[in-house]
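The values are calculated or read from the model by the stated rules, or taken from the named source; none is laboratory data. Not measured: the values here are computed from a predicted model. Note that we place each Cβ from the backbone using ideal geometry, even for glycine, and neighbour counts take in every protein chain shown. The protein model used for the area step is the full one, side chains on, heavy atoms only, and it has no ligands, DNA or RNA in it. Shrake-Rupley method; radii C 1.70, N 1.55, O 1.52, S 1.80 Å.
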Amino acid sequence: MKYLYPSNIVRDEEEQLTTGREAYNVTFPDVPEAITGGWSWEEAVELAEDCLGVALGMYVTDDKDLPVPGCAQHGQVLVAVPLLVAAKLTIYAAMREQGMTRDALAARLGISVEAAHKLIDPRYRSHVSHLESALRVLGRALIVEDCDAVPQPEREKALTATANP
């Protein structure tokens, strides 16, 4: 699965009127728990990536299925989770598909149960080689795709779309 979710990045008009400061709010239709904002477009996009990773991590903590990203609509901006978070989410999703417990993953990897818990929890740092080992055990692999970051024209399209729904 691609961990690339459509977001709505909307200029905060109330903040602009109240303080005169530029601000943006970010929400994700497919991940309603993910809500953030920034004082600039660039900051909003950067914080959106982290926010999305944290929100999806809550699904892992709560042992819930991960939400499937929908297609981006006009004016929405696609946001990807950080690379290591994507690896952890892939491990988690594969475990759920295969009915594998954290204890079973630990046994197959020859690591402690605590280490297995940390391996799929986005709040903890993990070495990429450990993530790759877990993916192999699950018969999975990650493919890294290079693409442009959110370009400036996307910002203008998103702002136009939110101003003229």
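Of 129, 112, which residue is of a type in the set (Ser, Thr, Tyr), out of contact with any helix residue (DSSP H, G or I) (no Cβ under 9 Å at 6 or more places or on another chain), more than 15 Å from residue 1 (Cβ to Cβ) and free of Cβ contacts under 8 Å to residues at least 40 places away in the same chain?
129
Only one residue in 136, 102 is more than 22 Å from residue 52 (Cα to Cα), surrounded by 14 or more Cβ atoms within 10 Å (Cβ to Cβ) and of a type in the set (Lys, Arg), so which one is that?
102
For the stretch 5-32, which residues satisfy the criterion of being of a type outside the set (Gly, Ala, Ser), in a strand (DSSP E or B) and out of contact with any Cys (no Cβ under 9 Å at 6 or more places or on another chain)?
Let us first name the residues in the stretch 5-32 that are of a type outside the set (Gly, Ala, Ser), namely 5-6, 8-19, 21-22, 24-32.
Keeping just the survivors that are in a strand (DSSP E or B) gives 5-6, 8-11, 24-27.
5, 8, 9, 10, 11, 24, 25, 27, listed by residue number.
Kindly state which helices (runs of 4 or more DSSP H) lie completely within the stretch 38-138 and contain at least 1 residues that are under 30 Å from residue 16 (Cα atoms) and not hydrophobic (A, V, I, L, M, F, W, C).
Output list reads 41-61.
Which of the residues belonging to the stretch 69-99 are modelled with pLDDT of 95 or more and open to solvent by 90 Å² or more (accessible area, probe 1.4 Å)?
Of everything in the stretch 69-99, those that are modelled with pLDDT of 95 or more and open to solvent by 90 Å² or more (accessible area, probe 1.4 Å) turn out to be 96, 97, 98.
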